Amino acid sequence: MTIRNTSKKDPGYNCFAWAAGDDTKWWEPGGRKYWPLPYPRKVDVAAIEAAYATLGYIACADGTLEPGFEKIAIFAIADQPKHAARQFQNGVWTSKLGSDEDIEHDRVAEFPGLVAIRYGRVARFMKRALPQGASPPQVTPPHAPGSAQNRPPGSP
Amino acid sequence: MNDSEGSAVALLDAPDVVRAIESQDVAITRDTLESKSKYFAGSETSEKPMLAKLLQFHVLAGIWKQDTSMLSLSSEKYEHPAYLQILSLGPDIVTALLEDLLKTHDDWFDALSRLTGEDPIPPQDYGFISRMAGHWELWGRRKRLLR
């Protein structure tokens, strides 16, 4: 797996926000953090799925690149969500590592070493159709925290 | 040298502590700790345990940040042994928590609420880390814990 750092450390947002295209807040279903739905009683993969469904994502089979669709991958260990990543239109994936940096990775299923231990495996893929004529960034551009770029239409 | 002063000096000299202090994630330098140590050495006896707590806080905070910075959920970060030890230091470290929060924006929100019994963050600002830190800064100034 090829991994490339694409930002500085930023505790202002996390992977669940970044997968939703939001670099302005920390998404977490509890603990005085932002969540697009009322906090769920149980924090499991289904709870994360429900949050992304509010942005128009639906479950899909895998992370294969599909032109015209944007995909995200939800990582979990024993149904406990640990991480999320988003796919660019060139097939490259982008992840935010906790409160650390953003990275790009060419594959989504094989995080190395400690990262794999912390994040587990992909438990769910989701996708949504890109608006016609939309051209999302092919790679992560240098961005200032809090910028609106990469934020999907209608996101908070 | 009494017990509390001795424990503070022992903390400063312990190799693992020095290593943690010198690591990038620790928000305070050894020089700062030593200058604080000199300050407390000349102060009232009652302040010396405070120095030990402050040293413990900064060392534990460094360990906690290093071990949990990659975690995506704060709720998992809050389960780390170093974090639980920080909570056990009690309300004496609230000012240190506030100072570190304002400097780093690391997630001390839960610890502050637990140690003070307060929650100055309005729900509409949940997740906006800068704004959340700002609410705690105002709270700290109102309580005269921050200058």
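Heavy-atom accessible area for A:Val92, with the other protein chains in place and a 1.4 Å probe, reaches approximately 40 Å². Taking a ≥ b ≥ c as the square roots of the eigenvalues of the Cα gyration tensor, an a/c ratio below 1.5 marks segment B:90-147 as rounded.
In segment B:98-130, comparing the full protein assembly with the chain on its own, the residues that lose 50 Å² or more of accessible surface at a 1.4 Å probe are B:Tyr126, B:Gly127, B:Phe128, B:Ile129. In this view, the solvent-accessible surface of B:Lys143, computed with a 1.4 Å probe and all protein chains in place, comes to about 100 Å².
Peptide A:33-44 shows a mean partner chain C-beta count of 2 within 10 Å per residue C-beta. Rolling a 1.4 Å probe over the heavy atoms of the protein chains gives segment B:90-147 an accessible area of 50 Å² per residue.
The trypsin sites (Lys or Arg not before Pro) found in segment B:45-85 include none that occupy coil by DSSP while having at most 14 further C-beta atoms within 10 Å. On association of chains B and A, roughly 2100 Å² of accessible area becomes buried (total for both chains; probe 1.4 Å). Taken along its principal axes, the alpha carbon cloud of segment A:4-44 reaches lengths of 36, 17, 13 Å, longest axis first. Heavy-atom accessible surface of segment A:1-48, averaged per residue, reaches 41 Å², computed with a 1.4 Å probe.
The values are calculated or read from the model by the stated rules, or taken from the named source; none is laboratory data. Because the structure is predicted, anything quoted here is derived from the model rather than measured. Here Cβ is always computed from backbone atoms with ideal geometry, including for glycine, and neighbour counts include all displayed protein chains. The area values use the complete protein model at the heavy-atom level, side chains included, leaving out ligands, DNA and RNA. Shrake-Rupley method; radii C 1.70, N 1.55, O 1.52, S 1.80 Å.
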